[in-house]
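See below for the structure under consideration.
Read-outs throughout are calculated quantities, based only on the coordinates presented, and are distinct from any laboratory measurement. Quick caveat, the model's predicted, so the values are computed rather than measured. Note that each Cβ is placed from the backbone with ideal geometry, even for glycine, and that neighbours are counted across all protein chains shown.
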Amino acid sequence: MNIEAITTAMLRIAAERGPQKSLCPTDVARAVSAENWRPLLGAVWQVAAELARQGKIEILRKGKPIRPDELRGVIRLRATS
């Protein structure tokens, strides 16, 4: 698993969509490895939590921002404004 590739893909996709649109963690995993993306989801969540702590992205549940330590269930990601 390449954390740098996941980080780069997450920031790129979030920037492309902007703060008005969110992305699914699976979008990031598929961008890194289209054929074998499922095993990457744990690393995608870890990177999302770290980037959220740094203020580079927001983690959303039901459309509302959550703290990185609240990661569970269905989430979405978006660029910070």
* Taking the Cβ of residue 19 as the center, what net charge do the other residues with Cβ under 12 Å away carry, scoring Lys and Arg +1 and Asp and Glu -1? -> +2
* Structure fact -> The farthest towards the positive end of the charge dipole of region 3-79, of the residues 5, 51, 19, given +1 on Cβ of Lys and Arg and -1 on Cβ of Asp and Glu, is 19
* Pairwise label distance in nanometres, residue 62 with residue 46, each label 7 Å out on the Cα-Cβ vector -> 3.0
* On Cα atoms only, tilt of 3-17 relative to the major axis of the chain in degrees -> 50
* Calculate for the chain the 222 nm mean residue ellipticity that helices alone would give, adding -39,500 (n - 2.57) per DSSP H run of length 4 or more and normalising by residue count, nearest 500 deg cm²/dmol. => -14000 deg cm²/dmol
* **Values of log10 I(q)/I(0), in the order q = 0.11, 0.23, 0.25 Å⁻¹, for region 3-79 under a Debye, Cα-only, solvent-free model** => -0.22, -1.03, -1.22
* Asked: Once you list every other residue whose beta carbon is under 13 Å from the beta carbon of residue 61, what net charge do they have if Lys and Arg are +1 and Asp and Glu are -1?
  -> +3
